[in-house]
Amino acid sequence: MDPAEDSKGFSDKVAADGKGPIPFPLLSDPQHKVIHAYGLQDPRYLKQRREGIPYPTAYVIDKTGRVAWTRIDRNHRVRPSNDEIRAALDPLR
């Protein structure tokens with residue numbers, strides 16, 4: 001999974017849509033602990049140089065730590081749009 005610096009770049013990219021910055025941290029998991037804990041390891045990358053590649057997954061977690069929204073895609077080219085993520089965040093405000 002991407003290092004923290006890459007997550008910061010992603011956060012900046014989302015903020016560039018003109019609707020404001022992301023006011024919370026994004027997860028960085030370079031040792032793959034979360035990938036394994038949630039069963040997100042993409043088996044196509046096992047035992048390869050890039051092992052530790054998860055299925056593309058987005059979670060919205062509320063202030064109590066409850067997972068309020070999840071999206072797991074098996075295709076790395078399919079990701080939720082900014083609007084979809086913002087729609088999942090809106091009820092938590």
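How much accessible surface area, in Å² rounded to 10, belongs to the heavy atoms of K8 with a 1.4 Å probe?
Accessible surface of K8 is approximately 120 Å².
L27 accessible area, nearest 10 Å², 1.4 Å probe?
Surface accessible to solvent at L27 totals approximately 100 Å².
What does the extension gain come out to for S28 and Q41, with contour length at 0.36 nm per residue minus their alpha carbon separation?
Contour length minus the Cα-Cα distance gives 3.2 nm.
For the chain, what size does the Cα cloud have along each of its three principal axes, sorted from largest down, in whole Å?
41, 26, 22
Using unit Cβ charges (K, R positive; D, E negative) and no other charged atoms, how large, in debye to the nearest 20, is the dipole of the chain about its Cα centre?
On the way: 16 positive and 13 negative charges, 47 e Å.
Magnitude of the dipole: close to 220 debye.
The values are calculated or read from the model by the stated rules, or taken from the named source; none is laboratory data. Note that the structure is predicted; figures quoted are calculated from it, not measured. So basically every Cβ, Gly included, is an ideal-geometry build from the backbone, and we count neighbours across all protein chains shown. Keep in mind that these areas ignore ligands, DNA and RNA; they rest on the heavy atoms of the full protein, side chains included. Shrake-Rupley method; radii C 1.70, N 1.55, O 1.52, S 1.80 Å.
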